[in-house]
Amino acid sequence: MTILRVRGLTKRFGDNEVLHGIDLDVVAGERIAILGASGSGKSTLLRCLNFMELPTAGTVELDGKTVGSERGGGRIYRERDLTGVRQRVGMVFQQFNLFPHMTAAGNVMEGLRTVRRQPKAEARARAEKELARVGLAEKADTFPAHLSGGQKQRVAIARALAMDPEMLLFDEPTSALDPELVGEVLTVIRSLAEEGRTMLLVTHELGFAYHVATRVIFLAEGAIHEQGTPDEILKSPKKDKTRAFLAGHRQFSF
């Protein structure tokens, strides 16, 4: 079942067109790794998919329903529409984006309390469940300042999971981590993959992408340059730009 359909997605910042007419279908249960050089539009694509950035042109459909309303040849997006999308499309950021004045549990509870209007006790119970799922049951009452980078990122993953999203977006979730902490975050993401969750993952961890993704997309200059299975893209790329990118990232194993 196609749960996300993107057609002609374009994003401009002033005169700079960062995304050029992206077409993308995502089927339930797919795990898509998005690769590309810095500045290729990877993060902007994810931010447009959960409407942290509003598309300049094009359409995004969730479960067959186009987000936003057509008006004057373009689309308008109401805040209630976007809030609904963000509940269904969870986002995990490179820099964690935790509230420093809230405990780990408080961060996970925040969306449940403010968006879902759940009672405090119910939200706390769900937060504890999700923190246990990512291996942080004992850190529920710890503030971010006293957590390692890997622990902060796992709290961020728990926060996304608490909203029961249909799809998870990961924007380079390990790039801000010290090397020794990368594995603990990738282990959690792999466990979510094994649950059959639908995920789009922007990453430079090519070995991880090879073993976990069901599809690999290579972005170049704001467009999908090449896509296919991990074997097709990471072992036998057809396009010169893909080959050149991979030639500079050979520190991974199949």
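The values are calculated or read from the model by the stated rules, or taken from the named source; none is laboratory data. The structure presented is a predicted model; accordingly, all values stated were derived computationally and were not measured. So basically every Cβ, Gly included, is an ideal-geometry build from the backbone, and we count neighbours across all protein chains shown. Calculation scope for accessible area: heavy atoms of the full protein, side chains included, ligands and nucleic acids excluded. Shrake-Rupley method; radii C 1.70, N 1.55, O 1.52, S 1.80 Å.
Does K65 meet the test of being basic (K, R), farther than 16 Å from R12 by Cβ, surrounded by 16 or more Cβ atoms within 10 Å (Cβ to Cβ) and out of contact with any Cys (no Cβ under 6 Å at 6 or more places or on another chain)?
So K65 fails the test.
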Helices (runs of 4 or more DSSP H) wholly inside the stretch 136-234 that include at least 1 residues being over 30 Å from R124 (Cα atoms): 179-194, 206-212
Whichever residue in the stretch 210-229 is crowded, with 20+ Cβ neighbours inside 10 Å and in contact with a His (Cβ under 9 Å, 6 or more places away or on another chain) and, among such residues, is nearest to T44 (Cα to Cα): G222
G207 within 23 Å of T44 (Cβ to Cβ), surrounded by fewer than 20 Cβ atoms within 10 Å (Cβ to Cβ) and either in contact (Cβ under 8 Å) with a residue 12 or more places away in the chain or out of contact with any Gly (no Cβ under 9 Å at 6 or more places or on another chain) (or both): no
Filtered residue count, the stretch 121-150, keeping only those that are open to solvent by less than 60 Å² (accessible area, probe 1.4 Å), charged (D, E, K, R) and under 29 Å from L82 (Cα atoms): 2
Some residue of the stretch 105-112 being modelled with pLDDT of 90 or more, more than 24 Å from A162 (Cβ to Cβ) and open to solvent by 20 Å² or more (accessible area, probe 1.4 Å): no
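Under 30 Å from T2 (Cα atoms) and at pLDDT 95 or above - does that describe any residue in the stretch 134-149?
Step one: of the stretch 134-149, the residues under 30 Å from T2 (Cα atoms) are 134.
The next check asks that each one be at pLDDT 95 or above; those that pass are 134.
Within the stretch 134-149, one or more residues are under 30 Å from T2 (Cα atoms) and at pLDDT 95 or above.
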Verdict on R86 being over 23 Å from M52 (Cβ atoms), open to solvent by 20 Å² or more (accessible area, probe 1.4 Å) and assigned to a helix (DSSP H, G or I): no
Test set (1) part of a helix (DSSP H, G or I); (2) over 22 Å from L177 (Cα atoms); (3) open to solvent by less than 50 Å² (accessible area, probe 1.4 Å) - Q118 fails condition number: (1)
Criterion violated by T242 - all others in (1) farther than 20 Å from R88 by Cα; (2) assigned to a helix (DSSP H, G or I); (3) β-branched (V, I, T); (4) within 14 Å of the chain's Cα centre (by Cα) satisfied: (4)
Counted residues, the stretch 173-203 - those being within 21 Å of L98 (Cβ to Cβ) and either within 12 Å of the chain's Cα centre (by Cα) or of a type in the set (V, I, T) (or both): 11
